[in-house]
Structures are given as C-alpha cells and as structure tokens.
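Asks: Here's a structure for you.
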Amino acid sequence: MNSNISLNFNSVDSSKISTLRAGGEIKNVICPSSVAELTVLSKYIREEGKDFLVMGALSNVLVLDGGYDGIAISTSKFKGMDINGLNVSCGSGEKLSIVIDICQKKGLSGLEKLYGIPGTIGGAVCMNCGCFDTEISSVIKKVYLFDMDKAELVEKSAKEMCFSYRKSLVQEKKFVVIGVTFEMCEKYLYDIKNTMNSVIGLRKSAQPSMPSLGSVFKRVDDISAAIFIEGAGLKGKKINNMQISNVHGNFIVNLGGGRADDYLSLMELMEKKVYEKYGIRLVREVRVEGKRA
Ligand SMILES: Cc1cc2nc3c(=O)[nH]c(=O)nc-3n(C[C@H](O)[C@H](O)[C@H](O)COP(=O)(O)OP(=O)(O)OC[C@H]3O[C@@H](n4cnc5c(N)ncnc54)[C@H](O)[C@@H]3O)c2cc1C
C-alpha cells in the first residue's frame, strides 16, 4: 500500500509565514495528509538519520537566518472539526482561535480565555499554551498522536500527556499531534463572547502589536520574566531592526525587515544581563531552530 506514496518536499521562506516575519529558508517542508504518508515519512527520516521539526503556525519557533536543513512536517492538512455534545474534536492544523469562534457559536465553553493566541491546535497542545490562569490541558480529553519512532498511532488521555506549565510529553518524544478531543461545558453564547472580547482587550493593552513570537522566556517562580528583563535595563534595547519591546519587556518585536539572528542575539543578551543582575537563568519559551547566516 505504502509503496505508491511518494514524498514531496518544498522550500518555504519562514519570513513569509512566521508571526515574527523573519528568518531563513525551511528547506524540506512536507505536508502529510494521512497516517500512511506519516508512516512512509517516519521510515525515511529514520533511514536517512534526518532531524525533523513539526511546524504549526510558527508563532513560537525562531528559524535562524541560515535556514533549517532538516525535515519540517507541516500540519496544514490535518484539518476538520466535529462536535458531538460537549465533545469537540479537531485536527491539529486547525487554528486555535477559529476553533474557539466555532465553539462560541455553539455555546461551548472552556477555551475562550485562550482567544487571540495565534497558533494551531497542535502547537497549543505541544506547548500546553495558556493565559489568564487557563491552560489548554484543562479541557483536553484525548490527544491523537503519531509516534515517529514506532510508526504507529497512539491515543493518550490528558493525564498521560504529562502536562505542566508550557510543557507536554510531545516535547520529550518524537510525536506528531494529529488531533485532539476537548471536553467542554455549556454556557450562554454572550458570556463566552464577553470573555473573548475582554481577553482581546487585555492583550491589546498589555502586548505589542508588532510581529513577534509572544513571550520569549517562561515565568520565573510565577513572576513574569519581563520584571527581570526590564529591571536589567533592557526595555527598548535594539539590535538593528529587532527590539525588546517598549510595551512588554518579555517580547522581542520586528520593527520591519528585522533578522532572526538579531532576535537570537537579543535573547542571549537578556539571558546574560538577567543572570548578572539577579543570578537567575531564564528558561526559553521560544524554540530556536536552524543556523545563523
Ligand atoms: C502575539 C503572540 C501572543 C502569544 N500569546 C501566547 C499566550 O498568551 N500563551 C501562550 O502559551 N503562548 C502564546 N504565544 C505563543 C504561541 O502562539 C503558542 O505557543 C502556540 O501554541 C504555538 O502554536 P503554533 O502552531 O504556532 O506552533 P509552532 O510555533 O509552529 O510550534 C511550537 C512548538 O510546537 C511544536 N508543534 C507544533 N505543532 C505540532 C504538532 N502538531 N505535533 C507536535 N508538535 C507540534 C513545534 O515543533 C514547536 O516545538 C503567543 C505568540 C504570539 C506571536
């Protein structure tokens, strides 16, 4: 059956697709649409000894200017959504905010505080994304994964996913999230809509509107890394067209035509200065891939 499947790779310019609007070429992008294709792909990756990266909306991944040479597995074809009572199932390539919009129209509550996070369902699960005291893991019932090492489908409960702050089992294992089932609860449509509007308002007032990858570093003992970055005098610091935001010290923004390598240099500066001033080792939330130009 699998012998008929050929693997088609394309190259994609990350500065055209990442939310940072910066970065180099991702040389071998493949968009599988079935488990059979993933099976063939996993065999190829194992036999060729290639590195791989699963790619959602690239709202949390910095691809350096020299580009990424491994295999980039795009989830753009894992689409679709099915609602069965309080259970909402969707493909990992669906956009989180679109799923929340649809749930709101059906009076299904649980994800609305995450409205405005610009990634896919797969990226959200991998990162256990969250805000305003809610994490995506709180409404997850089942996650459907493809194990790239064993070339098999796996189904895991939220407990088995070992979720914690911005962490999940997906970060430890060679898993591709294919889809998810959420267990929601019922609420009035306008209550859900009000929450969505208020979280968007809070985001607009507290976060920069320029291209970014969201928070650069994780919280430190429940304190925003911005406190330490700003305390180290780095707010507004620029390297060429990348800048530590004047609005929020834990964001690096692209002022226009900025380079991913400069983003990384700013990250390294933040790590160095915060360590020198506070003795704190910041932990990266943004994943860095590829090589400098
Ligand atoms: C303006 C802005 C605001 C943000 N606000 C928040 C916030 O409030 N809270 C928050 O938690 N994050 C926030 N983020 C960060 C980011 O949007 C989230 O981490 C998001 O969940 C990443 O999804 P993505 O599809 O873009 O993933 P990507 O950036 O493409 O990938 C992120 C990680 O997930 C992995 N991954 C992606 N898809 C899959 C899959 N299907 N299977 C296995 N692994 C996969 C990637 O390999 C990578 O390790 C923000 C980002 C921006 C730009």
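The values are calculated or read from the model by the stated rules, or taken from the named source; none is laboratory data. What you are looking at is a predicted structure, and each value in this text was computed from that prediction instead of being measured. Glycine gets a Cβ as well: all are built from the backbone with ideal geometry, and neighbour counts include every protein chain shown.
Asks: Taking only region 119-142 into account, find how many residues are in contact (Cβ under 8 Å) with a residue 60 or more places away in the chain, closer than 16 Å to Asp222 by Cβ and either outside any strand (DSSP E or B) or assigned by TED's automatic domain parsing to the domain that holds Ser59 (or both).
Replies: Residues in region 119-142 being in contact (Cβ under 8 Å) with a residue 60 or more places away in the chain, closer than 16 Å to Asp222 by Cβ and either outside any strand (DSSP E or B) or assigned by TED's automatic domain parsing to the domain that holds Ser59 (or both): 1 in total.
Asks: Sticking with this one: Would a scan of region 227-234 turn up a residue that is in contact with a Gly (Cβ under 6 Å, 6 or more places away or on another chain), within 23 Å of Gly130 (Cα to Cα) and outside the structural domain of Asn60 (by TED's automatic domain parsing)?
Replies: There is at least one residue in region 227-234 that is in contact with a Gly (Cβ under 6 Å, 6 or more places away or on another chain), within 23 Å of Gly130 (Cα to Cα) and outside the structural domain of Asn60 (by TED's automatic domain parsing).
Asks: Here is a follow-up. If a residue counts only when it is more than 10 Å from the ligand (Cβ to nearest atom) and over 23 Å from Cys131 (Cβ atoms), which strands (runs of 3 or more DSSP E) contained entirely in region 45-103 have at least 3 such residues?
Replies: 68-74, 81-84
Asks: I would also like to ask the following. How many residues, within region 205-241, are charged (D, E, K, R), in contact (Cβ under 8 Å) with a residue 12 or more places away in the chain and assigned to a loop (DSSP other than H, G, I, E, B)?
Replies: Qualifying residue count, region 205-241: 4.
Asks: Which condition number does Lys113 fail, the rest of (1) over 16 Å from the mean Cα position of the chain (by Cα); (2) closer than 18 Å to Ile83 by Cα being met?
Replies: Checking Lys113 against (1) over 16 Å from the mean Cα position of the chain (by Cα); (2) closer than 18 Å to Ile83 by Cα, the one that fails is (2).
Asks: Given the residues Asn28, Asn87, which is the only one that is surrounded by fewer than 16 Cβ atoms within 10 Å (Cβ to Cβ), in contact with a Phe, Trp or Tyr (Cβ under 9 Å, 6 or more places away or on another chain) and modelled with pLDDT of 95 or more?
Replies: Asn87
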